[in-house]
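Contents: one structure, followed by commentary.
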Amino acid sequence: MPIDPKLPYDTANIFARILRGELPCNKVYEDEHALAFHDIRPQAPVHVLVIPKDPFVSWDDFTAKGTDAQIAGFMRAVGTVTRQLELDAPGYRLMVNMGHDGHQEVPHLHVHIFGGRQFFQMIGD
Ligand code: AMP
């Protein structure tokens, strides 16, 4: 079920619980701004999620309320993860689902990194 992106941050969401160490994840990278881990239901040979450590519901929430340091640190972390995964030469796809129409299911901002094959469709169902 897609989330309502205008609701307040839900501290019980699954990614908040991963950040608090209450649930495990298959970690790829961590720094002061971000945590990256493998998606539990991968949709490509490489499917990694990068989440900010701070409590932002969505891309909309983050870009409206995040400080310049939070936004820069998170964006830098996404780039660092793609290079750590050695996707910078073959390339990759980034995706952020936002709210109901974007079919965002977890109410903590996450960037999907897809790689390991060539992607053709611009938008899928
Ligand atoms: P979205 O539709 O953009 O909100 O995507 C949520 C993503 O989170 C999906 O690709 C799920 O497979 C993934 N996901 C949900 N729970 C977990 C989890 N515990 N560990 C890793 N990935 C998860």
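Length, then width, then depth: along the principal axes, the Cα atoms of the chain run 38, 33, 29 Å.
With r defined as the distance between the Cβ atoms of Arg17 and Ile123 and R0 fixed at 41 Å, what FRET efficiency is calculated, to the nearest 0.05?
Numbers: r = 31 Å, r/R0 = 0.75.
The calculated FRET efficiency here is 0.85.
Under 12 Å of direct C-alpha separation, and excluding same-chain neighbours fewer than eight residues apart, Lys6 reaches these aspartates and glutamates: Asp60, Asp61.
Where a number appears in this text, it was derived from the coordinates with a stated rule and is not lab data. These numbers come from a predicted model, not from an experiment. Glycine also receives a Cβ, built like all others from the backbone with ideal geometry; neighbour counts cover every protein chain displayed.
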